[in-house]
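To start, the structure under review is shown below, and the notes come after it.
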Amino acid sequence: MLSIKNLSVSIEGKQILKKLNLEVEKGEVHAIMGPNGTGKSTLASIIAGRDFFDIDEGEVFYKGQNLLEMDPEERAREGIFLGFQYPVEIPGVSMNNFLRTALNEQRKYHGLDPMSASDFIARMEEKKKMLDMQSNLTKRSVNEGFSGGEKKKNEIFQMAVLEPQLAILDETDSGLDIDALKIVANGVNKLRKPDNSTIVITHYQRLLDYIIPDVVHVLYDGRIVKTGGKELALELEEKGYEWLKEHAY
Amino acid sequence: METNTLDISLKDRMISLFEDKKDQIFKNDIKPVSALRNEAFEAFTKMGFPHTKMEKWRSTSLEETLAKDYNFRIEGAPRQTNVEKIFECEIPDFDTYMVAQLNGWYVYRKAPLRTLPNGTIVGSLAQAMQEYPELISKHYGKYADYNENGLTALNTAFAQDGIFIYVPDGVEVEKPLQMVNIIDSDENLFIQSRNLVIMGKNSKLTLLQCDDSVHHRYTFLNALTEVYVDENSTLDHYKLQNKDDSSTLINNVYLHQEANSNVTTNAITLNGGLIRNDTHVTLNGRNCTANVYGLYLVDREQHVDNHVFIDHATPDSYSNEQFKGILDDSSSAVFNGHILVRKDSQHTNAYQNNKNILLTDKATVDTQPFLEIYADDVKCSHGATVGQLDQQAMFYIRSRGISKENARMLLMYAFTAEVVNKISIENLRERIDDMVKKRLRGELSICDQCVLHCNHPEKELKFNIDMTKI
C-alpha cells in the first residue's frame, strides 16, 4: 500500500528525515512512536502533501503511484487521510458544507454522481451513531470553538465519513482524557477493514492499549531505529526513549 | 490651500451654476433650508473639493473623477412614474416598502408623499418641506456639519430632493423600507441627493439603501443622509452598493443617537468605480449601541473607502466597528475608523477591527484604526490585518480532497461570513450571501432578475476574482 524508500527531507537546510524506510501493507495497523522533535509529524505531513519541505532524496509510492508528484487533494481522493495533530479552525464554513464538498469532489474524481442531500445526511447520521458522537458538532463551523477533545473526535468523524484506504493519525491521542481516548480508539477500531491501513503516530504507549498495532516502529533523529511487534511499545514504555540512544547510532 | 487646475474648473462651474440657477435651486425651499444653502455655499466656496493633501483624503483621490465633464439636473421635480418598471427587486419573499430616486429626483407611482396606516410618513424631501416644515426645520442640516467637509457643504448648497422618512413615537415599522437610488442617463451626471430620516421615541425601523447605476457614462453621486434616532429606538440600516466602474459614489451618513437607542449599519460593497462611505455617529445619550459594519469585494481598478467617525459624547455607551475586504487585481481600499471618547464619557466600550485579504501584489489597502480617548474609565480596542489566505487552512481543506480553487473559495466565503451573518433579516441575509458567493465565483452579482440590469449591456461584463493569482 505505502512504500517509502531512503527518504531524506529538510526544512530551510535543516535535515528532518534521514534515509527513512517504511513499508505498510494492506490491512495493517502501524504505530510510529518516538520522542518529540524526531520527525513524526513531518513524515505524516509529507504523506499528506504539505509542500514546505525539501525532498532531498528518496521516493514515496502509494498503490504503485509516485505520491510526491501528486497534489494534496489528489492524494485524498486516492484514499489518503491525515488526522491532524492541530486541526485548523475554519470559521464560516459549516461541517456539513465542508464534508459534503469533500465527499462530492472525491466522487467526481472517481466518476460518480454527487451524493444526494438525503444520502449525505444518512451517511452523516450513520457515522455519528457508529462513533457515539453528538450531532451538534456538524452544524457548527469546522472546528470553530471546539475543545481539544472535540477537535480530535471531529478528525475521526471526518475519517469515518470519507472512508479512506490509508489513514494517518498524527498524535490524535495527545491532550485527550481517558474517555475521549476510548472514543477515538473505538472509532479507529470500528473503521478497521481488511483492505485499509492505518498509521498511528503517538508519543505515548497508552493509545496502543486500545488500538492494537500489527507493527511498531520507533522513530528517532529522523530515522526508524527499531521495528517490532506490539510488545515493542511496552518495552519502550518501560525503558523510556533514553534506551534507544544506543540503538540510534 | 493648494488646488489643482481641474479642481478649480469644476469648483468654478459649481459656483457659477449656483449663482445662475439660484431661483431654480431655492424654488421648493422653506426659509431655514434656504439659509443653510447660502451658508453652505459660502463654506464650499472656501473649501472646494477634498484633495489628497487632506489627512482624511490622503488615499482617495477625486482628481480624476472631478476632471470629467458633468451635466447637472437642476431643473427637475419629483415625478410620477411606474417605479416597478424601472426597478424590480428580486430578493425572494423580501417584502419591502420601496421608495426610489431616479437621477436624484424622487419618483413615485401614486403620490409624492404618503402616510402609512401606522402614521409613518414616506416620500419626497422636496414635498415634505411643503407639508411638514416644522419637522424639516427641527432636523434638516442639524447633524451634517457643512463646515467640516466640502462635499457636505456642496450637497447642502445644491440638494433639492431625496427621501424623507418620519416614524412617529412608539411605531415599529414592520416592513423594511427600501431606498433605491438609480442613475440611468445618456449623459455624464453630477447628482446631489439628500435624505432625512427622523425616528421618534420607542420606534423601530429597518432601512435598506440600494445604490445602483447602469450606464457606462461617468456619474458622480454626492449623497447625504441624516438620521435622527430618538430615545429607546432601534434602527437596522443596510447599504448595498453595486455600481459600475465609471461611477463615483460619495455616501455621507450622519447618525444622531439619543439615549438607549440601538443602531446597526452595514455597508456591503460588491462593485463600484470609486466609493467613499463616510459614516458619522454621534452618541448623544447614555446606553447607546452603535454597530458599524462593512464588507467590500473589489477588483480591477475599483476603489472603496470607508471612513467611520464615532463620537462618544456621553457615558455608558457601546460602539463596535468591523470591516472586512477582499481585494483583487489593482483594486484599492481604505479604512479609517476614528473613535472619539470625550472627557466625561466614562464606561465607554468601543471596539474596531479591519481585516483584509489581498489576492495580488498590486492590490493595496490603507487601514488606520484610530482611538482618541479623553476619559479614563473605558474599554477600547482596535486592530487591523492585511494578509493572504491562511495557508494552514488551505492545506487542511485540500487534504480532505477539495481542490485548491474550491479551498480558496471556501476560505474567502468564510472570511466574508462574519459580516454577512450580522444581517438580521433572514431573506436579505440569504440573498446577500448568494450575491457574495456569486461575486467570489466571478459571476455577476447584481440582482439577476432586475429588469433594469437585464436590458443592459452591463450584463455582459465579467467580474472576476482571479483564482490563479493567490
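Step through the table entries A:Lys128/B:Lys437; A:Lys139/B:Lys404; B:Lys343/B:Lys379; A:Lys153/A:Lys182; A:Lys19/A:Lys226; A:Lys128/A:Lys151, compare each Cα-Cα distance with 20 Å, and write down the pairs that go over it. Long pairs (Cα-Cα over 20 Å): A:Lys128/B:Lys437; A:Lys139/B:Lys404.
Amide H to amide H distances under 5 Å link A:Glu144 with A:Ile90, where only residues 5 or more positions off or on other chains count and H is placed in the peptide plane.
Peptide A:74-85 has a mean shielding of 3, counted as Cβ atoms of other protein chains within 10 Å of each residue's Cβ. Translational diffusion of chain B was estimated from the Stokes-Einstein equation, with Rh taken as the Kirkwood radius over Cα pairs; at 37 °C and 0.692 mPa s the coefficient is 145 µm²/s. Report, for the stretch B:5-469, the % of DSSP beta bridges that are antiparallel, rounded to 5. Roughly 5 percent of the DSSP beta bridges within the stretch B:5-469 come out antiparallel.
Arranged from fewest to most other beta-carbon atoms within 10 Å of their beta carbon, A:Glu171, A:Glu126 become A:Glu126, A:Glu171.
Hydrophobic, long helices, defined as DSSP H runs whose alpha-carbon span along the helix axis is 15 Å or greater and whose mean Kyte-Doolittle value is at least -1.0, occur in chain A at A:117-131, A:148-162, A:178-191.
The residues A:Phe84, B:Phe26, B:Phe49, when put in order of fewest to most other Cβ atoms within 10 Å, stand as B:Phe26, B:Phe49, A:Phe84. Between A:Lys5 and A:Asp214, the C-beta separation translates, for a Förster distance of 22 Å, into a calculated FRET efficiency of about 0.60.
In this rough spin-label picture, where each label sits 7 Å from Cα along the Cβ direction, the B:Asp245-B:Thr115 distance is 5.0 nm.
If the label point is 7 Å along Cα→Cβ of B:Asp361, which residues in the stretch B:283-321 have backbone nitrogen under 19 Å from it? Counting only backbone N, you get B:300.
Length gained on full extension, B:Glu42 to B:Gln391, computed as 0.36 nm times the residue gap minus the Cα-Cα distance: 120.2 nm. Dipole orientation for chain A: of the candidates A:Leu43, A:Thr202, A:Asn96, A:Asn96 has the Cα lying most toward the positive pole (charges on Cβ; Lys, Arg +1; Asp, Glu -1). Listed by Cβ neighbour count within 10 Å, with the fewest neighbours leading, B:Lys239, A:Lys182 appear as A:Lys182, B:Lys239.
Each residue of the stretch B:59-72 was assigned a 3J(HN,Hα) from its phi angle through the Karplus curve 6.51 cos²θ - 1.76 cosθ + 1.60 (θ = phi - 60°); the sequence is 10, 10, 9, 8, 3, 5, 5, 6, 7, 6, 8, 9, 9, 10 Hz, with glycine and proline shown as x. FRET efficiency for the pair B:Arg286 and B:Met54, taken as 1/(1 + (r/R0)^6) with r the Cβ-Cβ distance and R0 = 45 Å, rounds to 0.85.
Based on every Cα atom in the protein assembly as shown, Rg and the maximum pairwise Cα distance Dmax equal 31.1, 101 Å.
Of the peptides A:27-34, A:186-193, the ranking by mean beta-carbon count within 10 Å, highest at the top, reads A:27-34, A:186-193.
Annotation: amide H-H contacts under 5 Å for B:Ala350 (H modelled 1.01 Å from N, sequence separation of 5 or more, or interchain): B:Ser319, B:Lys379, B:Cys380, B:Ser381. Our Cα-only numbers for chain A put the radius of gyration and Dmax at 18.0, 58 Å.
Mean per-residue shielding of peptide A:39-51 is 1, counting Cβ atoms of other chains within 10 Å of each Cβ. Each of B:Asp377 and A:Asn189 was given a label point 7 Å from its Cα along the Cα-to-Cβ line. The distance between the two points is 6.0 nm.
What whole-number distance in Å separates the alpha-carbon centres of the stretch B:154-218 and the stretch A:176-249? First find each Cα centre; the distance between them is then 68 Å.
What separates the Cα centres of the stretch A:99-116 and the stretch B:370-405 is a distance of 31 Å. Per-residue Karplus couplings for the stretch B:372-386, computed as 6.51 cos²θ - 1.76 cosθ + 1.60 with θ equal to phi - 60°, are listed in order as 10, 10, 10, 9, 9, 10, 9, 10, 9, 8, 8, x, 8, 9, 10 Hz, Gly and Pro entered as x. Sorting the segments B:189-195, B:179-185 by their mean number of nearby beta carbons within 10 angstrom, highest to lowest, gives B:189-195, B:179-185. Its alpha carbons give the stretch A:1-44 an Rg and a Dmax of 11.6, 36 Å.
Inter-chain Cβ neighbour count for A:95-108, averaged per residue, equals 3 (cutoff 10 Å, partner chain atoms only). Sorted from longest to shortest, the spans of the Cα atoms of the stretch B:351-399 along the three principal axes equal 50, 27, 8 Å.
Net charge dipole, the stretch B:272-401: roughly 360 debye, given to the nearest 20, about the Cα centre with Cβ charges of +1 for Lys and Arg and -1 for Asp and Glu. Phi angles of the stretch A:195-201 translate, via the Karplus equation with coefficients 6.51, -1.76, 1.60 and θ = phi - 60°, into HN-Hα couplings of 8, 9, 10, 9, 10, 9, 9 Hz per residue; Gly and Pro are given as x.
Placing +1 on the Cβ of every Lys and Arg and -1 on the Cβ of every Asp and Glu, with no other charges, gives the protein assembly as shown a dipole of roughly 680 debye about its Cα centre. By the Cα gyration tensor, the stretch A:178-249 has an equivalent ellipsoid whose semi-axes, rounded to whole angstrom, run 24, 14, 10 from largest to smallest.
Rule-based calculations on the coordinates, nothing more; no lab input. In this text the structure is predicted, and so the values were computed from the model without any measurement. Ideal geometry is used to build each Cβ from the backbone, glycine not excepted, and the neighbour counts take in all protein chains shown.
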